[in-house]
Amino acid sequence: MLSLLPFLYLFSIWTKGAGASDPDLPFMVYLDQNHLVSLKWGYDNPQGKITFKFTVNATGWVSFGFSTNGGMKGSDIVMGGVGPSGIYFTDRYAIGNSMPLVDEQQSYELLSLRESEGQTVMTFRRTIQSCDDKDFHITAQPIKLIYAYGITDDIGYHGARRGTKEINLLNYIPRTTPTSHNYFSATVNNVMIPQKHTYYHCKVMKFPSLSTKHHIYQFEPVIEKSDNVHHMMLYRCHSFVTEPVEGPCHLIIRSVACFMVVAAWGVGGGVFEFPEDVGIPVGGTENELLYMLEIHYNNPNNEAGITDSSGLRLHYTATLRQHDVGILTTGIFPQSNYKIPPNASQFHTFGVCNTSLFSQMMHPVPDLYVFAVLMHTHLAGRKVRVGQYRNEEQIDFLALDENYNFDLQQSISLGNIKTIKPGDEIAVECTYSTLNRNNITEMGFATSDEMCLVFLYYYPEIQISECISQPNTRYPLLISDSMYAITSDQGDISAQENIQNSLPQIQWIRDEDNNIRFYGNGMVRKMMKTQNVTCLDKNNNNNNSRASRLSTSWILNPAGIILPFVWIAIM
């Protein structure tokens with residue numbers, strides 16, 4: 001826990017308000033698309049303290065916190081504001097869809113809290129690693145941040161004034177936005193969604209002509225029917241594709257070759273901006289290339305008469321970045337032979353990629369620098385981990401999400417860049433829960449099926465578009481459906497998992513020209529456990545927590561605690 005500043009210093013900060021100066025906060029992000037809520041932060045080192053400056057364009061109560069899945073339950077929250085009687089600020093935690101409870105150990109140190117020019121600005125800090133089990137441990141992985149606020153100091157239902165965003169706080173890459181406001185729209189127009197659970201619609205289109213090379217630096221979703229649009233992919237087509245065409249994907253892909261992923265979006269994702277030194281090439285020598293937008297529509301109630309005009313908006317600039325971006329699809333072949341049994345509390349599947357196979361399709365193979373990922377499973381997905389192996393030993397996790405949320409599938413900047421060297425192996429592990437299912441779940445394209453895909457954003461761009469696998473269930477033995485009889489025996493389920501994952505993996509690599517190479521002897525290697533955060537100095541933190549209880553929980557505005565609370569879940 002943190003030892004707090006002496007009371008007189010705190011009091012001087014609180015009374016001076018706008019006179020307080022910020023610490024060195026080099027990182028900044030807007031938490032909402034309307035730029036009404038912003039967060040700045042900085043830290044001394046990954047084992048030390050982290051400082052936040054939370055700004056909201058409103059003059060009521062404000063709250064900011066950390067969540068395992070973007071929802072309210074289990075979140076770690078600070079709340080504050082400037083009320084009629086003064087400043088109030090507390091460290092809280094939520095146990096459900098109700099008012100967060102006051103944490104006995106006040107682990108957050110308030111530095112300043114003020115209202116100025118229609119804004120509320122709350123600056124505070126805490127240790128990165130906490131010994132309080134009610135606090136959220138900040139690690140070098142993406143963290144789901146949540147916020148809410150009101151327009152008065154009567155804390156109640158926030159309505160639409162809330163949101164969530166996933167950020168890598170400790171490995172964040174600062175980004176700058178060019179002044180150019182040029183963009184392409186890759187959208188469909190009044191597509192009639194059929195009366196069936198799953199429909200994939202594809203549209204091959206040409207972008208406006210650009211005689212010289214430009215870079216796409218940002219893409220944003222344009223979603224009309226949020227209840228029906230499941231995910232969207234934009235592909236670059238081969239040069240022999242010259243005519244626009246549109247219709248059901250299973251018909252379109254028979255006559256076109258569009259395989260290089262340019263942009264990817266999943267449910268709950270928002271705007272994604274590339275780091276300032278990378279961009280997706282467009283125009284110039286690729287000026288005549290066409291692009292294909294794929295939209296997966298979900299219509300679980302088989303409703304009739306639904307039309308949609310969704311898509312992506314791609315912002316571009318003539319100011320070229322240093323590197324061209326590529327997106328590599330990894331994981332499990334969408335129609336693989338994996339079968340997930342019912343009643344499984346957890347069931348692991350693996351897709352592998354051996355990058356030594358790249359040399360069969362291109363030469364030389366450069367180091368690939370991964371800076372962001374998009375993870376994708378369906379409704380049974382609970383965890384996704386991407387392991388990196390060198391010389392048959394795991395050296396790192398490229399990415400992981402121990403609390404995967406189907407409704408929050410966002411492209412995430414990793415902050416620190418991970419290097420994939422030629423010959424490295426990549427393994428994508430997906431963990432599923434089927435406790436609420438009575439039948440086998442198969443890999444497939446429907447939302448009720450499952451997927452296990454991770455899209456790696458990297459540079460420099462190479463011609464490889466995907467590197468995926470599936471278990472060879474025909475060698476050395478046949479796995480029959482009888483193995484997946486309905487059972488609640490977790491031992492049987494574990495045995496089924498072990499058999500599938502011990503089989504050789506059939507890998508295949510595809511390039512932008514649709515050349516494919518197969519390799520039948522891939523293997524699932526042991527994946528290390530995810531490291532848990534431990535306390536730096538429990539005794540010292542306990543002493544600091546005592547100081548916190550003596551200082552931070554003392555609130556100048558009693559009304560900051562005694563209010564008619566009406567709190568609704570953030571997600």
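The values are calculated or read from the model by the stated rules, or taken from the named source; none is laboratory data. Here the structure is a predicted model, which is why all the values come from computation and not from measurement. Don't worry about glycine lacking a Cβ; one is built from the backbone with ideal geometry, like all the others, and counts go over all protein chains shown. The area values use the complete protein model at the heavy-atom level, side chains included, leaving out ligands, DNA and RNA. Shrake-Rupley method; radii C 1.70, N 1.55, O 1.52, S 1.80 Å.
Residues are listed down the side, and each one gets a yes or a no for (1) under 21 Å from Thr139 (Cβ atoms); (2) part of a strand (DSSP E or B):
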position: Phe406; (1), (2): no, no
position: Thr419; (1), (2): yes, yes
position: Pro422; (1), (2): no, no
position: Asn436; (1), (2): no, no
position: Glu442; (1), (2): no, yes
position: Thr447; (1), (2): no, no
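The set of residues from segment 286-302 being in contact with a Leu (Cβ under 7 Å, 6 or more places away or on another chain) and outside any strand (DSSP E or B) comprises just one member, Asn287. In summary, Val428 fulfils each of the numbered conditions (1) β-branched (Val, Ile, Thr); (2) open to solvent by 10 Å² or more (accessible area, probe 1.4 Å); (3) in a strand (DSSP E or B) with the single exception of condition (2). Select from segment 255-285 the residues that are closer than 18 Å to Tyr459 by Cα and not in a strand (DSSP E or B) and write down the one among them that is most open to solvent (accessible area, probe 1.4 Å). Once the filter is applied, the top-ranked residue is Glu276. Under the condition of being outside any loop (DSSP other than H, G, I, E, B) and open to solvent by 10 Å² or more (accessible area, probe 1.4 Å), which residue from segment 93-111 is nearest to Ala58 (Cα to Cα)? Per the criteria, the residue is Leu111. In segment 296-305 there is at least one residue matching the filter, namely being among the hydroxyl-bearing types (Ser, Thr, Tyr) and surrounded by 15 or more Cβ atoms within 10 Å (Cβ to Cβ).
When the residues of segment 21-50 are filtered to those that are open to solvent by 50 Å² or more (accessible area, probe 1.4 Å) and modelled with pLDDT of 85 or more, the one that is nearest to Thr120 (Cα to Cα) is Leu36.
Would you mind telling me which numbered condition in (1) buried (at least 19 other Cβ atoms within 10 Å of the Cβ); (2) more than 23 Å from Thr164 (Cβ to Cβ) Glu117 fails? Evaluating Glu117 over (1) buried (at least 19 other Cβ atoms within 10 Å of the Cβ); (2) more than 23 Å from Thr164 (Cβ to Cβ) leaves (1) as the failure. Residue count for segment 348-387 satisfying the condition of being within 30 Å of His296 (Cα to Cα), buried (at least 19 other Cβ atoms within 10 Å of the Cβ) and not basic (Lys, Arg): 24. Residue check: Arg321 meets all listed conditions (1) surrounded by fewer than 18 Cβ atoms within 10 Å (Cβ to Cβ); (2) not in a strand (DSSP E or B) but one, namely (1).
Residue count for segment 228-238, restricted to those that are in a strand (DSSP E or B) and farther than 23 Å from Ile462 by Cβ: 4. Residues of segment 200-238 that are open to solvent by 60 Å² or more (accessible area, probe 1.4 Å) and among the acidic types (Asp, Glu): Glu224, Asp227.
Can we say Ile516 is open to solvent by 10 Å² or more (accessible area, probe 1.4 Å) and at pLDDT 90 or above? Taking the combined requirement at face value, the residue satisfies it.
Among the residues of segment 431-458, those that are farther than 20 Å from Ile295 by Cβ and crowded, with 23+ Cβ neighbours inside 10 Å comprise Tyr432, Cys452, Val454, Leu456, Tyr457, Tyr458. Being of a type in the set (A, V, I, L, M, F, W, C) and touching a Leu at 6+ places or on another chain (Cβ under 7 Å), is that true of even one residue in segment 303-316? Yes, because at least one residue in segment 303-316 is of a type in the set (A, V, I, L, M, F, W, C) and touching a Leu at 6+ places or on another chain (Cβ under 7 Å). Mind checking which residues of segment 121-155 are open to solvent by less than 10 Å² (accessible area, probe 1.4 Å) and hydroxyl-bearing (Ser, Thr, Tyr)? Thr123, Ser130, listed by residue number. For Pro366, are the conditions met, namely being modelled with pLDDT under 95, part of a loop (DSSP other than H, G, I, E, B) and either closer than 27 Å to Pro422 by Cβ or over 22 Å from the mean Cα position of the chain (by Cα) (or both)? It is false that Pro366 is modelled with pLDDT under 95, part of a loop (DSSP other than H, G, I, E, B) and either closer than 27 Å to Pro422 by Cβ or over 22 Å from the mean Cα position of the chain (by Cα) (or both). Val241: of a type in the set (A, V, I, L, M), closer than 23 Å to Ile462 by Cβ and not in a strand (DSSP E or B), yes or no? Taking the combined requirement at face value, the residue satisfies it.
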